[in-house]
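Enquirer: What follows is a single structure, and I will ask about it in a moment.
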Amino acid sequence: MAGKGESWLRSESAQGYALISPPFLYAVLLLAAPLITILAYSFFQDGYLTVVHEFTLQNYIATWTDPIFRVILVRSLFVAGLVTLITVALAFPIAYYLSFGLAPNQKARWIFLITIPFWTSYLIRVFLWKVILGYNGVINSALESIGIIGPNGLIADPLQMLNSVGAIALTLAHAYAPFAILPIFVSLEKIDRSLLEAGQDLGESRWRTFLRVTLPLAMPGVVAATLIVFIPTVGDYVTPELIGGGKMPMVANLIQAQMLPLDNRPMGSAIAVSSLLVVAALSLVYLWLNRRFLKVGK
C-alpha cells in the first residue's frame, strides 16, 4: 500500500492537483466564501445594530416590491448596456487595426500603449474625467477660450456635463476600453489569413468577406469583450458617486447605502444577490442568443 501511495504522489495526476491547489484555495477563500456569506445573510433578519440569524424571505419580498430598487436596477442595466455598446463598437476597429493594419513587430508596442491607463489607479482616472467634464473643466475652458461659450458665443453658459448618464457612460467606456480591445484582438489574431484570401479569390468583396468570414470568426472575442465590460459596469460604485454626484445612483450605491449608513446587512445582501441573479440570467440569455446566431450563420 505504501508503494502505491508513493507512486500516486509521483504521478502526473498528483502533480496536477498540487499545481492547481493554490489558485483553487485562493478562489474558494476570496471568491466563493464571500458569495456564500452574502447569500446566507440575505436570508437573515435585521435587528438593532445586529443580525438575527433566523430564516426569512422578507428581504427578497421587500427588495422586489420596492419601486426604487426596480428603477435603480433598470438604470444600472441601461447604463451598463450603453457603456458596453459604446466600448465594443469603438474597440473593434482599434483591435482590427492592430491585427490587420500593423506589422507583426509593431503590435506589441501598440498593445503596450493601450495598457498604459492601468498604470494609474481607477479612482484617479475617474477624478480626471471629473476635472475634464466639470463646470470649469477642460472642455468648458477650451470652448470659452475659442469664443464658443460666452456672452457673444454660440452658448451663453458653460455646459453642465456632470451628474448625467452620458458622463457616467463616457467615463466607464474609457475605463473599460482595454478590456474590450484585447479579447477582440486575440480573436482576430487567431483567424487564418488564407481564409480571407480564399474569399476574395472566389469573388467576394472585402466588405462581404469581413461580414461572412472575419466577423463570425471574431465573435468569441466580441462575446468575451461584451461580458467583461457589461458585468462589472452594472456593479460600479465609484463612477456614479463621483461623476454622477450621487444623483444618478446605481445598484452598487444602493447596496452601499444599506450596508453602511443604514446598517441593514440582510437587505443589502438581498439586493446584491437579486442583482447578481439578474445579471447572470441576462448573460446566459446573451450567450444562448449568440450561439443561435453563430449556428444560423453557419
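The values are calculated or read from the model by the stated rules, or taken from the named source; none is laboratory data. Here the structure is a predicted model, which means the values were calculated and not measured. Using ideal geometry, Cβ is built from the backbone for each residue, glycine included, and neighbour counts are taken over all protein chains shown. Ligands, DNA and RNA are stripped out before the accessible areas are found, and what is left, the full protein with its side chains, is counted by its heavy atoms. Shrake-Rupley method; radii C 1.70, N 1.55, O 1.52, S 1.80 Å.
Enquirer: Out of everything in the range 239-281 that is part of a loop (DSSP other than H, G, I, E, B) and small (G, A, S), what residue ends up being nearest to the chain's Cα centre (by Cα)? Working first, answer last.
Expert: Here is the first cut: in the range 239-281, the ones part of a loop (DSSP other than H, G, I, E, B) are 243-250, 260-264.
Pick out the ones that are also small (G, A, S) and you get 244-246.
Working: G244: 18, G245: 21, G246: 20 Å.
The extreme case among them is G244.
Enquirer: Scan the range 108-119 and report the pairs whose first residue is closer than 16 Å to P183 by Cβ and whose second residue is open to solvent by less than 70 Å² (accessible area, probe 1.4 Å) and small (G, A, S), with Cβ atoms within less than 9 Å and a gap of 6+ or a chain change.
Expert: Final answer for the pair search is I114/A177.
Enquirer: Given the criteria of a type outside the set (D, E), surrounded by 15 or more Cβ atoms within 10 Å (Cβ to Cβ) and within 23 Å of V222 (Cβ to Cβ), does I114 qualify? Spell out how you get there, then give the answer.
Expert: Working: of a type outside the set (D, E): yes; surrounded by 15 or more Cβ atoms within 10 Å (Cβ to Cβ): yes; within 23 Å of V222 (Cβ to Cβ): yes.
Spelling it out, I114 is indeed of a type outside the set (D, E), surrounded by 15 or more Cβ atoms within 10 Å (Cβ to Cβ) and within 23 Å of V222 (Cβ to Cβ).
Enquirer: Now for a separate question. Which members of the range 250-261 meet the condition of being surrounded by fewer than 20 Cβ atoms within 10 Å (Cβ to Cβ) and either β-branched (V, I, T) or more than 15 Å from T63 (Cα to Cα) (or both)?
Expert: L260, P261
Enquirer: OK, next. So F78 passes all but one of these: (1) modelled with pLDDT of 90 or more; (2) under 20 Å from A167 (Cβ atoms); (3) over 16 Å from the mean Cα position of the chain (by Cα); (4) exposed (fewer than 15 other Cβ atoms within 10 Å of the Cβ). Which condition number does it fail?
Expert: (3)
Enquirer: Something else: When only residues in the range 90-105 that are assigned to a helix (DSSP H, G or I) and out of contact with any helix residue (DSSP H, G or I) (no Cβ under 9 Å at 6 or more places or on another chain) count, which is surrounded by the most Cβ atoms within 10 Å (Cβ to Cβ)?
Expert: Taking the range 90-105 first, the residues assigned to a helix (DSSP H, G or I) are 90-100, 104-105.
Pick out the ones that are also out of contact with any helix residue (DSSP H, G or I) (no Cβ under 9 Å at 6 or more places or on another chain) and you get 93, 104-105.
Values: P93: 12, P104: 7, N105: 7.
Ranking the qualifying residues of the range 90-105, first place goes to P93.
Enquirer: I need the full set of residues from the range 124-143 which are assigned to a helix (DSSP H, G or I) and either within 16 Å of S187 (Cβ to Cβ) or open to solvent by 80 Å² or more (accessible area, probe 1.4 Å) (or both), in order please. Steps first, answer last, please.
Expert: Initial filter on the range 124-143 (assigned to a helix (DSSP H, G or I)): 124-133, 138-143.
Of everything in the range 124-143, those that are assigned to a helix (DSSP H, G or I) and either within 16 Å of S187 (Cβ to Cβ) or open to solvent by 80 Å² or more (accessible area, probe 1.4 Å) (or both) turn out to be I124, F127, L128, V131, V138.
Enquirer: How do the pairs read when you match residues in the range 244-262 that are on the phi > 0 side of the Ramachandran plot with residues anywhere that are open to solvent by 30 Å² or more (accessible area, probe 1.4 Å), using Cβ under 6 Å and keeping only pairs 6 or more apart or on different chains?
Expert: These pairs meet every condition: G245/N163.
Enquirer: Answer with yes or no whether S187 is farther than 30 Å from P67 by Cα, modelled with pLDDT of 90 or more and hydroxyl-bearing (S, T, Y). Steps first, answer last, please.
Expert: Values: farther than 30 Å from P67 by Cα: yes; modelled with pLDDT of 90 or more: yes; hydroxyl-bearing (S, T, Y): yes.
So S187 fits the description; yes.
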